[in-house]
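As structure tokens, the structure follows; a few thoughts come after it.
The values are calculated or read from the model by the stated rules, or taken from the named source; none is laboratory data. Computed from a prediction, not measured in an experiment: that's the story for all the values here. As a convention, Cβ positions derive from the backbone with ideal geometry for all residues, glycine included, and neighbour counts pool all protein chains shown.
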Amino acid sequence: LDDDAWWRSAVIYQVYVRSFADGNGDGTGDLAGVRAKLRYLAELGVDALWFSPWYPSPMADGGYDVADYRDIDPAYGTLEQAERLIAEAKELGLRTIVDIVPNHVSDRHPWFQAALDSPPGSPARQRFWFRPGRGDGGAEPPNDWNSIFGGSAWTRTKNADGTPGEWYLHLFAPEQPDLNWTHPLVWHEHEQILRFWFDRGAAGVRIDSAGLLAKHADLPDLDPDHEPGQHVHTDRDEVHDIYRSWRRLADSYAEPRALIGEIWLPDLERLARYLRPGELHTVFNFDFLACPWEPDRLRASIEQSLHFHERVGAPATWVLSNHDVTRPVTRYGRADTSFAFATKRAGTASDLALGLRRARAAALLMFALPGSAYVYQGEELGLPEVEDIEPGRIQDPMYFRSGGVDPGRDGSRVPVPWSGSEPPYGFSPDGATGEPWLPQPGTWAGLTVEAQDGDPASTLTLYRAALRIRRTEPSLGDGPLTWLDAPADVLAFRRDDVACVVNLSADPVALPAHEEVLLASADLEDGRLGSDAAVWLRLPTDTPEQ
Ligand code: ISL
């Protein structure tokens with residue numbers, strides 16, 4: 001494989017810095033902590049690290065509210081440390097992906113501060129979406145758009161004399177004002193930010209909320225007859241101009257940089273448009289993430305994804321978890337495994353043993369599919385969602401903005417357990433002064449890296465083995481897939497002479513003829529594959545392609 005096209009088959013590990021490893025003992029993860037774990041990540045067998053935002057931020061949204069795109073939050077370390085980290089990772093064969101947040105800035109960003117200090121109509125306000133209100137005295141928001149975190153997408157400002165002033169648009173929290181991407185300075189600034197990180201060795205960027213940047217110039221009310229595809233602020237055609245220009249910039253480097261879009265779009269036809277030649281390299285496949293644990297739905301999701309990606313010549317991606325969604329062990333352990341982004345469905349009982357069994361099978365499925373794959377920190381340990389965080393400790397704005405109806409995303413952001421038998425499980429060093437910023441359950445002693453290391457039955461061992469095999473088998477990663485005949489509720493496909501079989505039926509099934517069992521997510525039962533288990537097989541060389 002061409003080294004420049006590493007992103008076509010890479011396994012990319014998401015580091016949520018705040019919760020990964022705490023080097024200085026204040027209870028918050030940091031770059032020193034990551035640095036101390038680089039060998040762990042290299043030995044896990046991933047190809048690249050994606051760091052969730054590490055910039056100076058008031059943390060109104062866990063760092064997705066950026067106050068300065070060219071520095072590191074002091075709680076995490078320094079820019080010099082980040083540069084060293086990128087270089088050290090590279091020496092270990094790990095590329096670095098930086099998280100870029102172009103839709104909005106923090107309300108503490110100098111641009112927004114300047115806008116607040118400037119009168120209506122001033123140039124400083126034109127970099128955002130400031131508008132007078134409607135109704136009597138402008139007391140109503142300029143339009144009926146809602147924030148993705150709940151409530152109106154508009155917040156009213158005060159004039160210099162303290163009287164109520166204009167409103168500004170924020171598709172997320174009020175602390176995250178949306179940028180106006182029709183403004184040339186907004187374009188220019190982001191090109192400079194991309195260069196800043198590419199010049200420091202970043203191999204690519206993950207583009208946050210990439211489908212939201214362009215807004216309808218008139219900011220119209222939502223048309224009740226045209227839900228949901230009306231594109232007032234989501235997936236507008238103009239957004240593609242931005243990515244065409246970013247692609248030229250990324251391609252101007254001797255080692256071209258990769259552009260990875262975070263775009264939640266149920267319409268895969270529309271999603272595939274971001275992958276046209278000259279635009280993004282890959283986009284996250286959230287359809288697969290959100291797919292229930294049902295054989296027909298999974299197969300349809302996989303086939304559809306492969307179909308769309310083949311058509312545009314881009315590799316598919318596969319994601320089971322990230323910092324925004326309920327962890328798969330918990331998701332797959334519920335009676336109803338269907339999943340919607342905004343509802344974490346707290347209180348729905350989950351059978352965690354069943355969920356773990358399925359999550360392990362899902363991992364083998366994912367790593368056997370064509371394209372690139374993502375692993376979110378803690379997924380390799382089989383961590384469940386933490387569903388009983390006391391309300392007083394919750395930090396996620398999604399919880400507050402929904403009035404506590406949505407439990408928020410903190411349950412997937414709990415600090416990683418590394419060692420020992422009680423919190424902080426080696427997340428912070430001995431003698432730490434700070435408690436972990438989110439509480440860890442008292443039941444995680446068996447889930448630490450230390451406890452799982454070397455245990456043949458552990459999820460960490462399964463992930464390490466799968467990634468090792470994926471590296472040594474040329475047919476895994478990018479390339480063709482052929483479905484195999486299989487019993488009802490069994491998914492079976494081959495990648496050249498490697499087959500993957502996933503049993504979603506209630507009973508054990510016989511394996512196809514094979515030379516060798518390469519890896520299994522659960523012990524075979526008298527040579528048969530148990531329910532909710534997956535296996536990788538070496539096929540005899542004379543097995544015909546169907
Ligand atoms: O747009 C959506 C649904 O219509 C959302 O799913 C949205 O795409 C998603 O929430 C974006 O998430 C990212 O940006 C957020 C941040 O809170 C998340 O953590 C991040 O992953 C705002 O920056």
- Message: I'm checking my understanding of the structure. Among residues of region 48-68 that are in contact with a Pro (Cβ under 9 Å, 6 or more places away or on another chain) and under 21 Å from GLY201 (Cα atoms), which one is nearest to the ligand (Cβ to nearest atom)?
- Response: VAL66
- Message: Of everything in region 523-539, what is farther than 15 Å from PRO295 by Cβ and in contact (Cβ under 8 Å) with a residue 40 or more places away in the chain? Give them in sequence order.
- Response: VAL535, TRP536, ARG538, LEU539
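Matching residues to (1) surrounded by fewer than 18 Cβ atoms within 10 Å (Cβ to Cβ); (2) over 24 Å from TYR374 (Cα atoms); (3) in the same structural domain as ALA75 (by TED's automatic domain parsing):
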| position | (1), (2), (3) |
| --- | --- |
| GLY442 | yes, yes, yes |
| LEU467 | no, no, no |
| ASN503 | no, no, no |
| GLU516 | yes, yes, no |
- Output the number of residues of region 238-264 satisfying the condition of being touching an Asp or Glu at 6+ places or on another chain (Cβ under 6 Å), within 12 Å of GLY211 (Cα to Cα) and either of a type in the set (S, T, N, Q) or not in a helix (DSSP H, G or I) (or both). 1
- Message: Can you go through GLY93, GLY45, GLY33, GLY121 and tell me which one is away from the ligand (no atom under 16 Å from the Cβ), of a type outside the set (S, T, N, Q) and in contact with a Phe, Trp or Tyr (Cβ under 7 Å, 6 or more places away or on another chain)?
- Response: GLY33
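Would you call ARG299 out of contact with any Lys or Arg (no Cβ under 9 Å at 6 or more places or on another chain) and either assigned to a loop (DSSP other than H, G, I, E, B) or at pLDDT 95 or above (or both)?
Yes; evaluated as a whole, the condition is true for this residue.
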- Query: Any residue at all in region 67-75 that is surrounded by fewer than 21 Cβ atoms within 10 Å (Cβ to Cβ), in contact with a His (Cβ under 8 Å, 6 or more places away or on another chain), among the acidic types (Asp, Glu) and at pLDDT 95 or above?
  - Reply: yes
- Item | Qualifying positions in region 412-437 - buried (at least 17 other Cβ atoms within 10 Å of the Cβ) and in contact with a Ser or Thr (Cβ under 7 Å, 6 or more places away or on another chain) | SER412, ARG413, VAL414, PRO415, VAL416, PRO417, TRP418, TYR425, GLY426, PRO436, TRP437
- Message: Report every pair of residues separated by at least 6 positions or lying on different chains whose Cβ atoms are under 6 Å apart, first residue within region 92-121 and closer than 17 Å to ARG257 by Cα and assigned to a strand (DSSP E or B), second within 16 Å of the ligand (Cβ to nearest atom) and not charged (D, E, K, R).
- Response: ILE97/TRP50; VAL98/VAL205; ASP99/SER52; ASP99/PRO53; ILE100/VAL205; ILE100/ILE207
